[in-house]
Amino acid sequence: MAIRQDLLKDLEERRRKAQSSGGEDKIAQRHAKGLLTARERLDLLFAAGTFQEFGLHVQHATRHFGMEGKELCCDGVVAGTGFVDRRPVAAFSQDFMVSGGSLGRMHAQKICDVMDHAARGGMPLVGFNDSGGARIQEGVESLSGYGQVFNRNVLLSGVVPQVAVICGTCAGGAAYSPALMDFLIMTRQNASMFICGPQVIKAATGQATTMDEIGSAEAHASVSGNIHFVAEDDRHAAALVRELLSYLPSNNMQDPPHRLDADVTLEDDLGLEALLPEAANQAFDVRDVIGRLVDGGRFLEVQAMFAGNIVIGFARVDGIVLGIVANQPMVKAGALDIDAADKAARFIRFCNAFSIPLLTLVDVPGFLPGVFQERHGIIRHGAKMLFAYGAATVPKITVIMRKAYGGAFLAMCSRDMGADLVLAWPTAEIAVMGAEGAVNILHRTELDQAEDRAARAAELAAVYRQEFASPYQSAGRLFIHDVIEPRRTRAAVSLALRTLLSKRETRPPKKHGNIPL
């Protein structure tokens with residue numbers, strides 16, 4: 001039976017009206033500001049023609065106070081599924097042109113529906129956040145909607161990857177759903193994220209501030225550490241989402257997207273040895289080392305602007321996806337502090353949840369000393385790294401490049417903390433503390449009586465390095481597996497990854513551990 005043409009025209013008109021959002025004038029205004037519409041953002045994410053929308057025909061004619069008879073196109077959010085690099089992905093995109101993207105009952109229901117679909121289908125969830133917050137006119141229904149979204153964020157955590165894009169206003173309760181997701185990307189311009197804005201802070205506390213100080217991408221990337229990537233614009237944000245997803249499995253029951261047909265590297269890399277400075281106390285950029293270890297030098301760094309004394313991110317070695325955690329000698333000599341411990345621990349736990357092997361590059365003089373660090377809980381925060389590595393059951397490979405002192409050595413995934421393979425370069429020093437500090441404690445009396453204190457201290461330090469801190473001392477006691485030339489590192493890591501991909505490790509039955517938050 002042929003479908004009546006008037007029914008088809010009616011469907012076409014309804015679809016056209018729903019897809020026009022606030023109308024052509026509002027779309028033009030957004031484009032003039034360098035912003036895209038909710039639908040255009042999804043078009044950038046998904047392969048052409050693959051988006052299947054949920055709830056297109058929700059035209060919420062609200063009866064709530066002050067909004068009687070006002071029609072809200074799609075209730076201010078576009079939701080559905082599509083394909084990214086031939087893999088299904090669920091997504092929602094809030095529409096600021098419709099009631100400021102505010103969240104009401106149906107708005108929340110559409111987001112919850114696509115989150116449930118992501119859980120059932122085992123696919124990543126991406127959210128484009130552009131919302132003024134709760135829809136005041138709907139009262140407690142809006143609060144209930146947020147609660148339902150937050151609860152699903154928690155249920156999906158560790159089941160499917162969750163990525164939030166802050167591409168406009170993200171105010172009040174709207175900020176907590178992104179905060180519960182795995183990775184946050186924020187556009188540099190036209191985006192803000194905050195619980196209380198400058199005016200509220202001024203009224204409540206008397207403190208004068210600006211949105212740049214508390215809610216900008218710069219502030220969240222470098223000061224609060226709330227976001228992981230800064231995008232230049234909506235297009236860059238969508239590209240970052242696609243790049244990030246290229247390293248992640250669709251869900252926790254699948255392996256990461258390894259390229260197992262890639263050849264295993266066996267050749268030496270002499271260029272790696274040239275990166276190390278001759279002086280043991282001279283800094284070098286660990287990113288240069290990472291660039292020589294990974295395929296094509298391609299490294300997706302996470303939280304690059306926050307806690308620069310530790311570097312984290314995703315890469316591949318001969319096709320195998322892995323997460324990298326590395327001390328950065330260029331910042332605070334690579335010492336671990338509160339922010340670095342938080343940054344690393346969360347990343348380690350994410351990799352463990354999604355079966356992503358971990359490579360740890362060590363050059364750490366210890367935990368950062370200081371009154372501020374002690375009073376603000378370096379013990380508690382440092383314990384997060386110990387817990388994260390100890391709890392991780394994925395393949396764990398550690399390479400000790402230079403310094404590996406004290407508890408920070410353990411926190412950087414020593415063999416005793418569960419590393420499957422620990423390798424050291426001949427330049428490594430593994431000890432309770434550095435040679436100079438140890439000599440000052442162990443030989444204080446002798447140094448006080450020496451004619452040339454500095455010369456005698458240097459002699460004793462050299463002996464200490466040879467007899468107590470040498471990597472061969474640790475290798476001889478099986479605290480590390482081998483000492484290798486730096487040039488052999490990529491080949492050694494590649495071979496180890498291939499042998500560890502089938503790793504299985506069981507733990508005592510329990511509901512979950514209690515990480516020192």
For this session: Run through all the Cα pairs of the chain and give the fraction in each 20 Å bin from 0, expressed as whole percent.
Result: 21, 47, 25, 6, 1, 0
Exercise. Sorting Cys112, Cys74 on the 10 Å Cβ count, fewest up front, what's the list?
Worked result: Cys112, Cys74
Exercise. Among Tyr247, Tyr389, which comes first, then next, by fewest other beta-carbon atoms within 10 Å?
Worked result: Tyr247, Tyr389
For this session: On a 0 to 90° scale, report how tilted helix 338-353 is relative to the longest principal axis of the chain, with both axes built from alpha carbons and the result rounded to the nearest 10.
Result: 70 degrees
Exercise. Any idea what the relative contact order of the stretch 178-288 is, in percent, if you count C-alpha pairs under 8 Å spaced at least 6 apart?
Worked result: 22 percent
Exercise. So, by mean Cβ neighbours within 10 angstrom, what's the order for 92-101, 483-492 with the highest one leading?
Worked result: 92-101, 483-492
Seminar exercise, completed: Candidate cut points under trypsin sites (Lys or Arg not before Pro) in the stretch 73-143, DSSP loop plus at most 11 other Cβ atoms within 10 Å of their own Cβ, are Arg86
Exercise. What is the Cα centroid distance between the stretch 296-316 and the stretch 183-255, reported in whole angstrom?
Worked result: 17 Å
Exercise. How many percent of the alpha carbon pairs in the stretch 382-459 exceed a separation of 14 Å?
Worked result: 66 percent
Seminar exercise, completed: Expressed in angstrom and rounded, the centroid-to-centroid distance over alpha carbons for the stretch 77-104 and the stretch 426-440 is 54 Å
Exercise. Could you list, bin by bin from short to long, the percent of Cα-Cα pairs of the stretch 459-515 in 5 Å steps?
Worked result: 4, 13, 12, 14, 15, 13, 13, 10, 5, 2, 0
Exercise. If you plug each phi of the stretch 500-509 into the Karplus form 6.51 cos²θ - 1.76 cosθ + 1.60 with θ = phi - 60°, what whole-Hz ³J(HN,Hα) values come out, in order, with x for Gly and Pro?
Worked result: 9, 4, 8, 4, 10, 9, 9, 10, x, x
Seminar exercise, completed: When all Cα-Cα pair distances of the stretch 15-245 are considered, the percent exceeding 34 Å is 9 percent
Exercise. Restricting attention to the stretch 262-292, which GluC sites (Glu not before Pro) occupy a DSSP loop and are surrounded by at most 13 other Cβ atoms within 10 Å?
Worked result: Glu267, Glu278
For this session: Report the extension gain between Ala450 and Met253 in nm, rounded to one decimal, defined as 0.36 nm multiplied by the number of residues separating them, less their alpha carbon distance.
Result: 64.5 nm
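Read-outs: derived from the displayed coordinates by stated rules, not from any lab. Only a predicted model underlies this, so the values are computations on that prediction, with no experimental measurement involved. All Cβ positions, even for glycine, are placed from backbone atoms using ideal geometry, and neighbour counts span all protein chains on display.
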